[in-house]
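The values are calculated or read from the model by the stated rules, or taken from the named source; none is laboratory data. Treat the numbers as computed from the prediction; the structure is a model and nothing was measured. Neighbour counts run over all protein chains shown; Cβ positions are idealised from the backbone, glycine included. Quick note on the areas: whole protein, heavy atoms, side chains included, nothing else; ligands and nucleic acids left out. Shrake-Rupley method; radii C 1.70, N 1.55, O 1.52, S 1.80 Å.
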Amino acid sequence: MRTRYAPSPTGEPHVGNIRTALFAWLYARHTGGVFILRVEDTDLARIAPGALEAIQESLRWLGLDWDEGPEVGGPHAPYIQSERTRLGVYQEYSQRLLDSGWAYQCYCPPERLDEVRREQQRQKLPPMYDRHCRDPRQREAMGQQHPGAGPVVRFAVPQEGHTAFTDLVRDEITVANATLDDFVLLKSDGFPTYHLSNVVDDRLMEITHVIRGDEWLPSTPRHILLYRALGWDAHMPAFVHLPLILGPDRAKLSKRHGATSVTDYQRLGYLPEALVNFLALLGWSLDDKTELMTREDLVQHFSLERIGKTAAVFNKDKLDWMNGVYIRGLGQEELAERLLPFLERRPELVEGRPKAEPARQGEGGLPDTIARPIDRGYLHAIVPLIQERLKLLSEAPGLVDFFFQQELTYEDKALNALKSPEATRALEAALARLELQSDFSHEALEALLRPMAEELGLKTGVFFGLLRAAVTGRTVSPPLFETMAVLGRTRCLARVKRALGLVR
RNA sequence: GGCGCAUUCGUCUAGCGGCCCAGGACACCUCCCUCUCAAGGAGGAGAUCACCGGUUCGAAUCCGGUAUGCGCUACCA
């Protein structure tokens, strides 16, 4: 089996798009086939600088390796369509269609096309090219009228009959040829349109399964017609149209919906393994129960038969949950490593992150006042305390900053809780005991402090809350005794004293 | 406007004629655990299977129509 992912380098790849890559990759890996990356950059106006790199980075980050394509090469190189255009690949097939009468040159200027379209819309007719230049005499006249502009090549769609094909997801699809217009194959700049380049390259690269988004379903009949016109009937690939991914408003997911590019998710602190798992479940399922699957599980179980037909809303809450599950499943060393770039705010450590971009939401890192590089040994001690409290890697700075601050900043809520004679009395008593305590293991601290609550006539929740506020500056933190143990005796004593100083 | 596709809890989905007055997951609610927050455990609420008609002893599952939604309708992919 040979599948391909054929993105257009117009920007950072978006999750809907990369889901298509995932499915094509999964199918190739599942069948022991070949996964190809092909770049469809035939629209000069739309290509974005750096987009190709972003696509490759995204694929790499998710672990979707390609067997043929940019950088790795392959028997059908080049894999970049602008380069193939320069080699005359599409020109050749366009000429072949011209010679066999399946295509014709069209000299209609854009203004005329616009006008025709407007008129059709006014009359509530389907907007289609009126096939003006399909007539050789008209064509010649038009050519003389507009000598400057290079002509485009259009496909001569049969005006009668139907075109049918089988989609592996949706079964039989039939369209009346009369509803198809004479679409452009070769643009006046000499570059092919998607329809031509896609069909030609899929054949030349011996693609067996065309796996792509549902938005391509309507143009598949054109592609079928092209295969036939080129005499490639016997080599028709199987078509697999994937259900679309929708935003919360149920419209096709796009940039309007906020964070949708793969690199955005990376920056926000999602794990690639979580994203892969989540994306695989958008339009595919194994059974009625299984949801957590590693990349290996997915490769092993993936099948075209179990791809769904209905468009799916991207459920961010569920992704967040799944990301938390994967974070909890990480080894502590591993988690610490992955947390480092988010803590130090060293963008170059977040793989694939293009160098000098301004920090985005969730990317704050620890305050600049905290020395870099941060102490790894200390971080390793902290990690177990926050592991089950993280949904996103980017949440770490907000959870651990108090561990690192030299001069603790107190939340208003925490400070207010300390401002009562009761609180002062409790803190003073605790401080006195802590000063005599040398063992700062969490067990020892608990053994020391828990009985104190009763002595002071305070509920443990209240008493521990006061200590928490004094030692972390927060009303919410990891468990008190473990936190104090990690902070250590010196910091704890200093902080309790400082808190007393602030409220006395 | 034309063409195409789709329609099961708020969301992702299971279901391919009787096992389903519909199962799982996220989110939500309650309780348990508990020093806060999480995590975890136990429950709960939530879907007249879009609607109408047909086929059948029997339909979420098959057929037809309707409605709604989405996609496509460029010298963009």
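Which one of these is in contact with a strand residue (DSSP E or B) (Cβ under 9 Å, 6 or more places away or on another chain), farther than 30 Å from A:LEU304 by Cβ and open to solvent by less than 40 Å² (accessible area, probe 1.4 Å): A:SER94, A:SER58? Please lay out each step first, then the result.
Values: A:SER58 fails: farther than 30 Å from A:LEU304 by Cβ.
Unique residue meeting the criteria: A:SER94.
Checking the structure you have, find out if any residue of the stretch A:311-333 is without any contact (Cβ under 8 Å) to a residue 12 or more places away in the chain, near RNA strand B (Cβ under 8 Å from one of its atoms), open to solvent by less than 40 Å² (accessible area, probe 1.4 Å) and outside the structural domain of A:ALA381 (by TED's automatic domain parsing).
no
So which pairs qualify, if the first residue must be in the stretch A:108-122 and open to solvent by less than 70 Å² (accessible area, probe 1.4 Å), the second must be more than 9 Å from RNA strand B (Cβ to nearest atom) and outside any helix (DSSP H, G or I), the Cβ gap must be under 8 Å, and the two must be at least 6 apart or on different chains?
Close Cβ pairs satisfying both conditions: A:VAL116/A:ASP130.
This table checks each residue for (1) in a helix (DSSP H, G or I); (2) buried (at least 18 other Cβ atoms within 10 Å of the Cβ); (3) among the aromatic types (Phe, Trp, Tyr).
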| position | (1), (2), (3) |
| --- | --- |
| A:HIS223 | yes, yes, no |
| A:ARG228 | yes, no, no |
| A:PRO248 | no, no, no |
| A:GLY269 | no, yes, no |
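Exactly one of these conditions fails for A:PHE464: (1) more than 10 Å from RNA strand B (Cβ to nearest atom); (2) among the aromatic types (Phe, Trp, Tyr); (3) open to solvent by 10 Å² or more (accessible area, probe 1.4 Å). Give me its number.
Every listed condition holds for A:PHE464 apart from (1).
With the checklist (1) more than 8 Å from RNA strand B (Cβ to nearest atom); (2) without any contact (Cβ under 8 Å) to a residue 40 or more places away in the chain; (3) open to solvent by 30 Å² or more (accessible area, probe 1.4 Å) in hand, flag the one item A:THR208 doesn't pass.
For A:THR208, the failing item is (2).
Is it the case that A:PRO136 is outside the structural domain of A:PRO78 (by TED's automatic domain parsing), out of contact with any Leu (no Cβ under 9 Å at 6 or more places or on another chain) and either open to solvent by 60 Å² or more (accessible area, probe 1.4 Å) or of a type in the set (D, E, K, R) (or both)? Break it down into steps so the answer makes sense when it comes.
Details: outside the structural domain of A:PRO78 (by TED's automatic domain parsing): yes; out of contact with any Leu (no Cβ under 9 Å at 6 or more places or on another chain): yes; either open to solvent by 60 Å² or more (accessible area, probe 1.4 Å) or of a type in the set (D, E, K, R) (or both): yes.
Answer is yes for this residue.
Yes or no: the stretch A:137-158 includes at least one residue that is in contact with a strand residue (DSSP E or B) (Cβ under 8 Å, 6 or more places away or on another chain), away from RNA strand B (no atom under 15 Å from the Cβ) and not hydroxyl-bearing (Ser, Thr, Tyr).
no
Mind checking whether some residue in the stretch A:179-190 is out of contact with any Lys or Arg (no Cβ under 6 Å at 6 or more places or on another chain), open to solvent by less than 10 Å² (accessible area, probe 1.4 Å) and either closer than 23 Å to A:GLY308 by Cβ or polar (S, T, N, Q) (or both)?
No, the conditions are met nowhere in the stretch A:179-190.
How about the stretch A:271-308: which of its residues are assigned to a loop (DSSP other than H, G, I, E, B), within 14 Å of RNA strand B (Cβ to nearest atom) and either assigned by TED's automatic domain parsing to the domain that holds A:ILE211 or surrounded by 13 or more Cβ atoms within 10 Å (Cβ to Cβ) (or both)?
First, the residues of the stretch A:271-308 that are assigned to a loop (DSSP other than H, G, I, E, B): A:271, A:281-283, A:285-294, A:302-303, A:308.
After this cut, where a residue has to be within 14 Å of RNA strand B (Cβ to nearest atom) as well, the list is A:281-283, A:285-293, A:302-303, A:308.
Those that are assigned to a loop (DSSP other than H, G, I, E, B), within 14 Å of RNA strand B (Cβ to nearest atom) and either assigned by TED's automatic domain parsing to the domain that holds A:ILE211 or surrounded by 13 or more Cβ atoms within 10 Å (Cβ to Cβ) (or both): A:LEU281, A:LEU282, A:GLY283, A:SER285, A:LEU286, A:GLU291, A:MET293, A:PHE302, A:GLY308.
Restricted to the stretch A:1-42, and to residues that are more than 11 Å from RNA strand B (Cβ to nearest atom), charged (D, E, K, R) and surrounded by fewer than 24 Cβ atoms within 10 Å (Cβ to Cβ), which residue is farthest from A:ASP189 (Cα to Cα)?
A:ARG29
Keeping to the stretch A:477-504, report how many residues are open to solvent by 60 Å² or more (accessible area, probe 1.4 Å), assigned to a helix (DSSP H, G or I) and either touching a strand residue (DSSP E or B) at 6+ places or on another chain (Cβ under 8 Å) or over 18 Å from A:LEU448 (Cβ atoms) (or both).
Initial filter on the stretch A:477-504 (open to solvent by 60 Å² or more (accessible area, probe 1.4 Å)): A:482, A:489-491, A:497-498, A:502, A:504.
Right, trim to assigned to a helix (DSSP H, G or I) and you get A:482, A:489-491, A:497-498, A:502.
Among the residues that remain, those that are also either touching a strand residue (DSSP E or B) at 6+ places or on another chain (Cβ under 8 Å) or over 18 Å from A:LEU448 (Cβ atoms) (or both) are: A:498, A:502.
Final tally of qualifying residues: 2.
Where in the stretch A:43-124 are there helices (runs of 4 or more DSSP H), lying wholly inside it, with at least 1 residues that are under 21 Å from A:GLU12 (Cα atoms)? Give the derivation first.
Details: elements: A:51-62, A:81-86, A:89-99, A:110-122.
Output list reads A:51-62, A:81-86.
Which condition does A:ARG131 not pass, out of (1) in contact with a Pro (Cβ under 8 Å, 6 or more places away or on another chain); (2) more than 9 Å from RNA strand B (Cβ to nearest atom), if it passes all the others?
All conditions pass for A:ARG131, except number (1).
Within the stretch A:43-51, is there a residue that is assigned by TED's automatic domain parsing to the domain that holds A:PRO147, of a type in the set (A, V, I, L, M, F, W, C) and open to solvent by less than 20 Å² (accessible area, probe 1.4 Å)? Can you show your working first?
Going residue by residue through the stretch A:43-51, those that are assigned by TED's automatic domain parsing to the domain that holds A:PRO147 are none.
Looking through the stretch A:43-51, none of the residues is assigned by TED's automatic domain parsing to the domain that holds A:PRO147, of a type in the set (A, V, I, L, M, F, W, C) and open to solvent by less than 20 Å² (accessible area, probe 1.4 Å).
Out of (1) exposed (fewer than 13 other Cβ atoms within 10 Å of the Cβ); (2) within 12 Å of RNA strand B (Cβ to nearest atom), what's the single condition that is false for A:HIS442?
(1)
Are any residues in the stretch A:168-185 within 8 Å of RNA strand B (Cβ to nearest atom) and part of a strand (DSSP E or B), and if so, which ones?
Passing the criteria: A:ASP171, A:GLU172, A:ILE173, A:THR174, A:VAL175, A:ALA176, A:VAL184.
Pairs only if they're at least six apart or on different chains, beta carbon under 7 angstrom, first in the stretch A:420-435 and modelled with pLDDT of 95 or more, second not in a helix (DSSP H, G or I); list them, first residue then second.
Every condition considered, the pairs that remain are A:THR424/A:ARG504; A:ALA426/A:LEU458.
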